[in-house]
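Engineer: Here's a structure for you.
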Amino acid sequence: MRVWNRHSRIVAVSPERVGALIDTLAGDDDRLWPVVAWPPMRFDRPLGVGAGGGHGPVRYFVESYEPGRSVRFRFTAPRGFDGFHEFTLRATGTEETELVHLMVLRLRYPAWYTYPLLWRPMHDALLEDCLDRAERELTGTVRTPARWSPYVRLLRNLTSGKRFFRFNANKIPPTSTTAIR
């Protein structure tokens, strides 16, 4: 299965300002990645070709980096992801710049199942939050803020470690003479 997933935002600022935002990725002053709501992007060294890391359970390394223009990451995990994701910018010629995130994958087992059920909805929500953060950083406001779907909220609750369905063995009546503890 092949995946081509693109998210973009056009902002009324120069390409240099958008490029400077890309250059902050995974640094102490990261102004692009939505670290408030998502696991931070971290690498074993500063952003540059060969740096390895990722965010949460998603792992990758920097395959190419053109400061102020683009960065491409090659996936190493989760299992079944064969491809890349990248941030690039495009000057529109009208005093605006488009910030683009593109992910291109060839899915292998088990990602045939996990991508549509788990990874895609989470990825789409994360990227829209990322573009909201970029727009806010560059313009001071977000024209149309992204909203998480009920399904993404459920996935976030299930994967965040915050359990809203708690198992309590003391509330279950014992089925034999041995109590459940």
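Engineer: What distance in nm lies between label points placed 7 Å from Cα along the C-beta direction at Leu118 and Val36?
Structural biologist: Inter-label distance under the simple model: 2.8 nm.
Engineer: Continuing with this model, one more query. Rounded to the nearest 0.05, what FRET efficiency is calculated for Thr92 and Thr141 with R0 set to 22 Å and r the Cβ-Cβ distance?
Structural biologist: That pair, Thr92 with Thr141, gives E of 0.70.
Engineer: Loop only per DSSP, at most 16 neighbouring Cβ atoms within 10 Å: give me the trypsin sites (Lys or Arg not before Pro) in the range 6-72, ordered by residue number.
Structural biologist: When the trypsin sites (Lys or Arg not before Pro) of the range 6-72 are filtered for loop state and at most 16 Cβ neighbours within 10 Å, Arg69 remain.
Engineer: If you don't mind, there's one more thing I want to ask. Where Lys and Arg each count +1 and Asp and Glu each count -1, what net charge lies around Cys130 among other residues with Cβ under 12 Å from its Cβ?
Structural biologist: Summing Lys/Arg as +1 and Asp/Glu as -1 gives -3.
Engineer: So, one more: Taking all pairs of different Cα atoms in the range 95-162, averaging 1/r and flipping that mean, what Kirkwood radius in angstroms comes out? It would help to have the intermediate numbers written out before the result.
Structural biologist: Numbers: mean 1/r = 0.0718 Å⁻¹.
Answer for the range 95-162: a Kirkwood hydrodynamic radius of 13.9 Å.
Engineer: What is the ratio of the Cα radius of gyration of the chain to 2.2 N^0.38 Å, with N the residue count, to two decimals?
Structural biologist: Ratio of Rg to 2.2 N^0.38 Å for the chain: 1.25.
Engineer: Just to confirm the filter: which trypsin sites (Lys or Arg not before Pro) across the range 77-130 are DSSP coil and have at most 15 other Cβ within 10 angstrom of their Cβ?
Structural biologist: Numbers: sites: Arg79, Arg90, Arg106, Arg108; in loops: Arg79, Arg108.
When the trypsin sites (Lys or Arg not before Pro) of the range 77-130 are filtered for loop state and at most 15 Cβ neighbours within 10 Å, Arg79, Arg108 remain.
Engineer: Zone of Arg59 (label point 7 Å along Cα→Cβ, backbone N under 11 Å): which residues in the range 70-84?
Structural biologist: Taking a point 7 Å out along Cα→Cβ of Arg59, the residues of the range 70-84 whose backbone N falls under 11 Å are 76-79.
Engineer: Still on this structure: Pick out, in residue order, every one of the GluC sites (Glu not before Pro) in the range 1-106 that is DSSP loop and has at most 13 other C-beta atoms within 10 Å; say none if there are none.
Structural biologist: Numbers: sites: Glu16, Glu63, Glu86, Glu95, Glu96, Glu98; in loops: Glu95, Glu96.
In loop regions of the range 1-106 (DSSP not H, G, I, E or B), the sparsely surrounded GluC sites (Glu not before Pro) are Glu95.
Engineer: Another question, if that's okay. To the nearest 10 degrees, how steep is helix 150-159 against the longest Cα principal axis of the chain, on a 0 to 90 scale?
Structural biologist: Approximately 70 degrees, to the nearest 10.
Engineer: Per residue of the range 5-19, in order, report the coupling 6.51 cos²θ - 1.76 cosθ + 1.60 (Karplus, θ = phi - 60°) as ³J(HN,Hα) in whole Hz, putting x for Gly and Pro.
Structural biologist: Using θ = phi - 60°, the values come out as 10, 10, 10, 8, 9, 9, 10, 8, 9, 6, x, 4, 5, 5, x Hz.
Engineer: Grab the other residues whose beta carbon is less than 12 angstrom from that of Gly83, score K and R as +1, D and E as -1, and report the net.
Structural biologist: +2
Engineer: When the helix-only estimate is applied to the chain (DSSP H runs of n ≥ 4, each -39,500 (n - 2.57), divided by the residue count), what is the mean residue ellipticity at 222 nm, nearest 500 deg cm²/dmol?
Structural biologist: Details: 4 runs with 42 residues, N = 181.
The helix contribution divided over the chain gives -7000 deg cm²/dmol.
Engineer: Would you mind computing, in nm to one decimal, how far apart the modelled labels at Asp28 and Asn157 are, each placed 7 Å from Cα along Cα→Cβ?
Structural biologist: In this crude label model, Asp28 to Asn157 measures out at 3.8 nm.
Engineer: Same structure again: Given a cut-off of under 8 Å on Cα pairs at least six residues apart, what relative contact order in percent is computed for the chain?
Structural biologist: 22 percent
A short reminder: the numbers here are calculations on the coordinates, not readings from a lab. What you are looking at is a predicted structure, and each value in this text was computed from that prediction instead of being measured. Note that we place each Cβ from the backbone using ideal geometry, even for glycine, and neighbour counts take in every protein chain shown.
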